Amino acid sequence: MLIRDCSGGVLFSGDEVFLLKNEKGEWTLPKGVIRNNELPVDAAIRRVTAETGIKSLYVLSTAGETSYEFYSVTRQRPVYNKITWFLMSTNDKNFKINSDEGFLDGGFFPIDKALDLITYSQDKSLVNVSYSKYKLLNEIMA
């Protein structure tokens, strides 16, 4: 089994969160593999920027961890992804979905709609908990 350390971002703008629709039609969050001894937070910023086109974003805190397994047809073996998530914020809603990486759609969605769209339950839980933390941090910083 191939074990991969990954990192991603739960990116909020106001009361909306950024989602991507991948080539399988699944609604997910931006994430990717940590490369060349990079710090998880740096990998998260790199992947969110690469997948959304948004360059002006801020990391507020950690958001948690998730993991999943799948069988990679191209690698002909099982893959285990462990993802470290970061809570992020932006005022920049000018995004450009990276179709070169297979994304079909994406954008900022109100939390209720996002929770309906998100494909996997652990991602729904992550967004729900992250949104509560995001609101609390905004209250503290106001």
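In order along segment 2-15, the Karplus-derived 3J(HN,Hα) couplings, from 6.51 cos²θ - 1.76 cosθ + 1.60 at θ = phi - 60°, round to 7, 10, 10, 8, 10, 8, x, x, 9, 9, 10, 9, x, 9 Hz, and Gly and Pro are given as x.
To make sure I understand, if each residue's beta carbon is the centre and we count other beta carbons within 10 Å, what order do Ser7, Ser132 fall in, fewest to most? Can you show the working numbers first?
Numbers: Ser7 27, Ser132 10.
Fewest-to-most Cβ neighbours within 10 Å comes out as Ser132, Ser7.
Taking trypsin sites (Lys or Arg not before Pro) across segment 36-142, the ones in a DSSP loop with at most 12 further Cβ atoms lying within 10 angstrom of their Cβ are Lys55, Arg75, Lys93, Lys96. Output the pairs from Lys21/Lys133; Lys55/Lys93; Lys31/Lys124; Lys55/Lys96; Lys31/Lys82; Lys21/Lys124 with a Cα-Cα distance over 18 Å in this structure; if there are none, say none. Pairs exceeding 18 Å: Lys21/Lys133. As a length-normalised measure over Cα pairs under 8 Å and 6 or more apart, the relative contact order of segment 2-141 settles at 34 percent. Here r is the Cβ-Cβ distance between Lys93 and Tyr71 and R0 is 41 Å; the resulting FRET efficiency, rounded to 0.05, is 0.65. Computed from backbone phi with θ = phi - 60° and the Karplus coefficients 6.51, -1.76 and 1.60, the 3J(HN,Hα) list for segment 39-53 is 6, x, 5, 5, 5, 5, 4, 4, 5, 4, 4, 5, 8, 10, x Hz; x is used for glycine and proline.
In Å, what Kirkwood hydrodynamic radius results for the chain from the alpha-carbon pair distances? Don't skip to the end; give the middle numbers.
Values: mean 1/r = 0.0655 Å⁻¹.
After inverting the pairwise mean of 1/r, the radius is 15.3 Å.
Annotation for Arg46 and Ile140: the two label points, set 7 Å from Cα along the Cα-Cβ direction, are 2.9 nm apart.
Just so you know, all these numbers are worked out from the coordinates, no wet-lab data involved. The model shown is predicted, which means the values in this text are computed figures rather than measured ones. We place every Cβ from the backbone using ideal geometry, glycine too, and count neighbours over all the protein chains shown.
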